[in-house]
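J.: The following block contains the structure, expressed as structure tokens.
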Amino acid sequence: MRIGRTRALALATAVAAVALGGSAAAPAFAADLVLDAPTAVSLVPAPASGDPVAKHVTLNLTGTVKTGSHDITYTFDASGLAGLAEFAPELGNAACTVQGAVTTCKGTFYSQDGRLNQQINPQLTALKGAELGKTGHLKVTETTDAGTVSADVSVSVGGPDLRVKTKEQLTGVKPGSTITPSVQVVNQGSLPSGRLVLVLSGIAGVKPERQFANCDYATGAGSQAPSYEVAICTVNTSVAPGETVTIDPMKFGVDSSALHSYIDVAVLPGEGEDTAWYRKSMTFVHGPAGKRLTAGKPESDDTKPGPPNATQYAENMVSIALDVDNTADFSAIGAWKPGADGHQGKLTVGLRNSGPGHLYDRSGGEAAPNVLVVFPKGVTVAKEPAGCSAVRWENGQEVKNPVKWACDAPSDVPAGFQKTYDFDLKVTAADPVAVVSLQNTRSSVEPGHPSAVMPWDHNPGNDLTRVTLGTKADGSVPTPGASPSASASPSTPTGSASPSTHASPSASASASQSAGAGAGAGSASSGGGALAFTGASGLGTIAAAGTGAVLIGGAVFLATRRRKGAHQ
């Protein structure tokens, strides 16, 4: 049972990943100015009555500048949109002037770290009476003291609106089984789709079987998400407006590690910017000769790629969640190593997944636990490890003398994964006992749970352990990749620890983690991980890095750097 799920939507506007010097994404400090803009956009035709549907065009300017304040000028030449679309800069109280079809907006931005990273979202709206299928262009120029860059965006009236229809949650799936989810594609747009391109991603223990000649297959792995298998399939079939087609059954294998797994299915009107990230960053092989994937009707070699999806937030991707009948044995780690004088020492705490299931907490609803340490009287935290912090608020009340420390844990926890944190402690009491437990949202908010509520963990007794902080060592740290040591005895707490005094924590202590094969152990992120398919700026691109703000005519626009996906 899952506690909650956040469904991912793919946006209709596909913004290409910037490639500098052949790289698939812009580095943290770009050598030159780069204006990241879509090559083409499609607009929803204006209705005969009622308000038309506007579409925002995402533009990102990146590069390297000096720290401090800078002027910036945006110039939008909409002369190529005459009779086709209306343009609006959508920059709030920007200092904008209009001369004919050219709009010029001036403002300033401030860079604290020498990075230029600004995003704006001007708006286009199809004019009533504009001819369906007519194409024009918008020219965008952005100028700073670092230079000038331009982009030309093709703009069409009308386009397909491809949607995926499938069952979005499958329960009772067995490890080692093969599943064939039913997938349909419907075109709710105003123009035929042209060639269909399906992008299939199997994540965390599930992968598409390599069965079709018109599919290319690749395996990827990332720093904040599990390994995944991708198939890009080209079907030479066009879907007419209002038409629904059924995709041939596609097999997905479920391995022994699958627990909370996912299949992402996306459909595109042709390949291009949307699949560029995959093509550049992964090595694909063709499927076996013979059988082709079809959309339930004959293919035609004359079928060409279609225009982009017309709607702003197209549901052209669906994530199928798999609840697999599997288990994962999580356990709390606690080990004390006293110093020579008996009044100080190192407490190692952490968590381990002994499998067989691989927990990938993609949306924050799969109950991935963190580590909680409760210190008794007579114990002072001299140095806290990175990733751990004192619990200073509970039940809406400030805790002046914290006795609890919470340590983050990653959202991707494969079998064999282990993460530990080292606390430097000062001890003045005789043999005080620290309580180390795994906790998650349910155990934190629901009464009666001494440790994390994890329905897939059938051995909850080892989710909590007590460690005596005396003059002798107590507990042990399991060998990474091996079964947990039995020397750290699990127990159930009988009461809460009393408050103690503490020193100001330092972040200089260490945290470590390890993992079994395929763990992707380089990340200790506690977020939900990144999607193996993202439509926000193409399928693989939300490229890396910091935050800036642009001030234009008194309005502040936060420009968050696009983060590279975890297939990223």
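J.: In square nanometres and to one decimal, what's the mean projected area of the convex hull around the Cα atoms of the stretch 277-365?
T.: Mean projected area of the Cα convex hull: 14.1 nm².
J.: May I ask you to list the lysines whose Cα is less than 16 Å away from that of residue 291, ignoring any residue fewer than eight positions away on the same chain?
T.: Partners within reach: 251.
J.: Same structure, new question: Sorted by average packing, counted as other Cβ atoms within 10 angstrom per residue and highest first, what order do 277-287, 443-453, 186-196 take?
T.: Highest-to-lowest ranking by the protection proxy: 186-196, 277-287, 443-453.
J.: From the phi angles alone, apply the Karplus equation (6.51, -1.76, 1.60; θ = phi - 60°) to the stretch 98-106 and give each ³J(HN,Hα) in whole Hz, x where the residue is Gly or Pro.
T.: 10, 10, x, 9, 10, 10, 10, 10, 10
J.: Dividing the convex hull volume of the alpha carbon atoms of the stretch 160-208 by its residue count, what do you get in Å³ per residue?
T.: Taking only Cα atoms, the stretch 160-208 has a hull volume of 88 Å³ per residue.
J.: Give the carbon-plus-sulfur fraction of the accessible surface of the stretch 46-135 in %, rounded to a whole number; probe 1.4 Å, heavy atoms of protein chains only.
T.: Roughly 47 percent of what the probe reaches on the stretch 46-135 is carbon or sulfur.
J.: A follow-up question, please. Against the globular-protein guess of 2.2 N^0.38 Å, express the Cα radius of gyration of the stretch 414-485 as a ratio, rounded to two decimals.
T.: It is 1.30.
J.: Using the Cα atoms as the points, what is the convex hull volume per residue of the stretch 319-387 in Å³?
T.: Per residue, the Cα convex hull of the stretch 319-387 comes to 120 Å³.
J.: Over the residues of the stretch 201-260, compute the C-alpha Rg and express it relative to 2.2 N^0.38 Å.
T.: This ratio for the stretch 201-260 stands at 1.37.
J.: Please give the charge dipole size of the stretch 165-248, origin at the Cα centre, charges +1 on K and R Cβ atoms and -1 on D and E Cβ atoms. Round to the nearest 20 debye.
T.: Once rounded to the nearest 20, the dipole reads 120 debye.
J.: Could I have the simple spin-label model distance between residue 346 and residue 131, label points 7 Å from Cα toward Cβ, reported in nm to one decimal?
T.: Simple spin-label model gives 7.6 nm for this pair.
J.: Ok, one more. Using +1 at the C-beta of Lys and Arg and -1 at the C-beta of Asp and Glu, which of 240, 276, 307 has the Cα lying farthest in the positive direction of the dipole of the stretch 208-312?
T.: The one lying farthest along the dipole's positive direction is 276.
J.: Additional query: May I ask for the Kirkwood hydrodynamic radius of the stretch 138-296, worked out over all distinct Cα pairs and given in angstroms to one decimal?
T.: 17.5
J.: Compute the label zone of residue 168 within the stretch 250-265: residues whose backbone N is under 20 Å from the point 7 Å along Cα-to-Cβ.
T.: Within reach of a label on residue 168: 260-265.
J.: Ok, one more. How high is the relative contact order of the stretch 70-146? Use alpha-carbon pairs under 8 Å, at least six apart in sequence, and give a whole percent.
T.: Relative contact order, the stretch 70-146: 53 percent.
J.: What is the packing order of peptides 157-168, 99-110, 352-363, 58-69, taking the mean over residues of other C-beta atoms within 10 Å and listing the highest first?
T.: Going by the mean number of other Cβ atoms within 10 Å, highest first, we get 352-363, 157-168, 58-69, 99-110.
J.: Right, something else. Calculate the length of the line joining the C-alpha centroid of the stretch 38-70 to that of the stretch 260-282, in whole Å.
T.: Centre-to-centre (Cα) distance: 22 Å.
J.: Continuing with the same structure: Report the full-extension gain for the segment residue 73 to residue 243: residue separation times 0.36 nm, less the Cα-Cα distance, to one decimal in nm.
T.: Roughly 56.7 nm would be gained on extension.
J.: Of 174/297; 165/297; 346/377, which sit over 23 Å apart, Cα to Cα?
T.: 174/297
J.: How big is the dipole moment of the stretch 274-338 about its Cα centre under a simple scheme where the beta carbon of each Lys and Arg is +1, that of each Asp and Glu is -1, and everything else is neutral? Debye, nearest 20, please.
T.: Using Cβ point charges on Lys, Arg, Asp and Glu, the stretch 274-338 gives about 320 debye.
J.: How many Å² of accessible area per residue for the stretch 119-234, probe 1.4 Å?
T.: Result: 36 Å² per residue.
J.: Let me ask another. Setting aside same-chain residues fewer than 8 positions from residue 134, which lysines have a Cα under 17 Å from its Cα?
T.: In chain and number order, the partners are 55.
J.: Can you find, among 356, 374, 328, the residue sitting farthest towards the positive end of the charge dipole of the stretch 318-374, where Lys and Arg contribute +1 and Asp and Glu -1 at Cβ?
T.: 374
J.: If contacts are Cα pairs under 8 angstrom and at least 6 residues apart, what is the relative contact order of the stretch 53-200 in percent?
T.: Reported as a whole number, the value is 26 percent.
J.: Next up: Can you give the FRET efficiency to the nearest 0.05 for residue 458 and residue 284, using r as the Cβ-Cβ distance and R₀ = 30 Å?
T.: My answer for the efficiency is 0.15.
J.: Can you list the equivalent-ellipsoid semi-axes of the stretch 356-427, largest first and in whole Å, using the square root of 5 times each Cα gyration tensor eigenvalue?
T.: The answer is 27, 16, 9 Å, longest axis first.
J.: Sorting check: for 319-326, 177-184, 391-398, 49-56, which peptide has the highest mean count of neighbouring beta carbons within 10 Å, and how do the rest follow?
T.: By packing density, highest mean first, the sequence is 319-326, 177-184, 49-56, 391-398.
J.: Taking only C-alpha pairs under 8 Å that are 6+ residues apart, what is the relative contact order of the stretch 309-422 in percent?
T.: 30
J.: Amide H to amide H under 5 Å from residue 173: which residues, 5+ apart in sequence or cross-chain, H placed 1.01 Å off N in plane?
T.: Here 323, 325 satisfy the definition.
J.: Work out the P(r) tail for the stretch 260-310: percent of alpha carbon pairs separated by more than 18 Å, whole number.
T.: Result for the distance tail: 56 percent.
The values are calculated or read from the model by the stated rules, or taken from the named source; none is laboratory data. Note that this is a predicted model, so its numbers are computed, not measured. Cβ atoms come from the backbone with ideal geometry, glycine included; neighbour counts cover every protein chain shown. Please note that ligands, DNA and RNA were not included when accessible areas were found on the heavy atoms of the full protein model with its side chains. Shrake-Rupley method; radii C 1.70, N 1.55, O 1.52, S 1.80 Å.
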